[in-house]
């Protein structure tokens, strides 16, 4: 169980780090070049802060998973992350992210990774509850 949680934290961290490079990897600048400057900045800022937050959440979760910290703190954190990831999975199913990129299977890879990360967090959350 703990191994799956640690793996989930590492995957989440790498998802965050990978998102920092999305604008370069998928040539977002050429896609949004005709948009007003404020839209460009908004899209790039949203990506930056999502990447930062996801990376920090992954690292913080990893720290929580290996250090002897109060169970209540872990329960609240892993429960919150489980809820967030469940909503993210539902959103990925309804509105697949990555459908426009040159790698056709990226939307399925993203869904699979979010499911793995969700499994690690939710199983740890349930284990802490009981």
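Scanning the stretch 95-130 for residues that are exposed (fewer than 15 other Cβ atoms within 10 Å of the Cβ), out of contact with any helix residue (DSSP H, G or I) (no Cβ under 9 Å at 6 or more places or on another chain) and closer than 20 Å to residue 19 by Cβ yields a total of 7. For residue 49, the conditions (1) loosely packed, with under 12 Cβ neighbours inside 10 Å; (2) part of a helix (DSSP H, G or I); (3) modelled with pLDDT under 95 all hold with the exception of (3). Just to be sure before I move on: is residue 75 within 30 Å of residue 1 (Cβ to Cβ) and more than 17 Å from the chain's Cα centre (by Cα) in the structure I sent? Against the criterion (within 30 Å of residue 1 (Cβ to Cβ) and more than 17 Å from the chain's Cα centre (by Cα)), residue 75 qualifies. For the stretch 105-129, the tally of residues that are part of a helix (DSSP H, G or I) and over 24 Å from residue 70 (Cβ atoms) stands at 11. Applying a threshold of 7 Å to beta carbon distances and a minimum spacing of six or more residues, or different chains, the list of pairs starting in the stretch 85-97 at a residue that is on the phi < 0 side of the Ramachandran plot and outside any helix (DSSP H, G or I) and ending at one that is surrounded by 14 or more Cβ atoms within 10 Å (Cβ to Cβ) and at pLDDT below 95 reads 96/107; 97/107; 97/110. When restricted to residues that are assigned to a loop (DSSP other than H, G, I, E, B) and within 30 Å of residue 82 (Cβ to Cβ), the stretch 1-39 contains 3.
Number of residues in the stretch 67-87 that are at pLDDT below 95 and under 19 Å from residue 14 (Cα atoms): the value is 0.
The values are calculated or read from the model by the stated rules, or taken from the named source; none is laboratory data. Note that the coordinates shown come from a computational prediction; the quantities given were computed from them, not determined experimentally. Ideal geometry is used to build each Cβ from the backbone, glycine not excepted, and the neighbour counts take in all protein chains shown.
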